[in-house]
Every structure is written in C-alpha cells, then in structure tokens.
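Remarks on the structure that follows.
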Amino acid sequence: MLEYITFLISLSGVFFGFILSKIAKEEIHMGRKYLFWMKKILLIIIILILLYFAKNYLYLFFGIILGFILGIFVMEYLFLGIILIIGLFLNKNILFLNSSLVFLYGLSYGSLMKFNFKEVIKLVLLFLVGLLLFKLNLSFLIGLSSGGLFYKFVKKDV
C-alpha cells in the first residue's frame, strides 16, 4: 500500500511544479535556466543509478537502443514510470530514492511546461503503459528507461 502512495506522491511533482509556476511567475521566469539545468542533472543522476543495477548487459544494450528510439516519440514520464516500477523489484530504499528524484524532476518539469489538459491525459496514459511492462526483464527495463531518458537529456529544449 505504501508503494502506491509513493507513486502518487512522486508523480504529483508535475502538479506542484505547475502550482509553483502560477504562484511565482517572475521567479520562474528569472530562474528558467536553473530549472532547465536541474532537469538535466536529475536525468543524469537517475540514469547512473539505474545503470548500476543492471545485471544482463545484452538486454541492457537492446533496451537502451529501443528506449533511445522511443524517446523521440513519447514523453519522459513513460520512462520515469518504468523507473518507479523497477524500484519495486530492487529494494524499498531504491524505490524511495527513485521516487524522490522523480518528484524533483517533476517539480522542475511542471514549472517549465505550458500546462494543458492533453498533457495530463498523456502523463496518465504513459504511466499506465509503463505498468503494462511490469513482466519484462529487469535489465531490459533499465536499458529502456535509461535510453529514453538519455535521449531527453541530449534533446535541445527549454
């Protein structure tokens, strides 16, 4: 039960980031580049933590390639949802570490994005697709999420 509450709290970072952007418009405008760099640094930390736990490097390699290609077409919250599922397999401490990093990423993401209802629907649907991947190999899931997040890291955006 605690794991589901952890999922909800970690994914609510986008919502709190949106509220923060509405409350502090001028500060968000001035701190835009810092929030951008916060997103990039958090992505690298998440990727490095994930790669540490990979066991089967062949599955990891194919997962990274597929994740990089999928990263072109889907939002990063699919991969962040997969990361939360990976935390269930590994350890409760890793789940809480991943959840806190996803929350912080969502806080900066929500502060920078232009909020509309379609984005919310995409976030929910992508997280549900991540739940469908629950039975795949753990190293493949690590590679998939690492590859997708790496694409989001190298992509130019603001």
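Miscellaneous remarks
- Residue check for residue 66: part of a helix (DSSP H, G or I), in contact with a helix residue (DSSP H, G or I) (Cβ under 9 Å, 6 or more places away or on another chain), among the hydrophobic types (A, V, I, L, M, F, W, C) and more than 16 Å from residue 144 (Cβ to Cβ): no
- If you check 36, 15, 62 for being at pLDDT 80 or above, surrounded by fewer than 21 Cβ atoms within 10 Å (Cβ to Cβ), over 15 Å from the mean Cα position of the chain (by Cα) and not small (Gly, Ala, Ser), only one passes: 62.
- Residue match in segment 137-151 (condition: at pLDDT 85 or above, surrounded by fewer than 16 Cβ atoms within 10 Å (Cβ to Cβ) and of a type in the set (A, V, I, L, M, F, W, C)): no
- Within segment 103-124, considering residues that are modelled with pLDDT under 65 and either among the small types (Gly, Ala, Ser) or in a helix (DSSP H, G or I) (or both), the one farthest from residue 4 (Cα to Cα): 117
- For first residues located in segment 11-37 and in contact (Cβ under 8 Å) with a residue 12 or more places away in the chain, partners that are among the β-branched types (Val, Ile, Thr) and part of a helix (DSSP H, G or I) and lie 6+ apart or on another chain with Cβ distances below 8 Å form the pairs 11/102; 13/102; 20/28; 21/28; 35/28.
The values are calculated or read from the model by the stated rules, or taken from the named source; none is laboratory data. Since the structure is predicted, the reported quantities are computational estimates derived from the model, not experimental observations. Because the Cβ atoms are built from the backbone with ideal geometry, glycine has one as well, and the counts that use them run over all protein chains shown.
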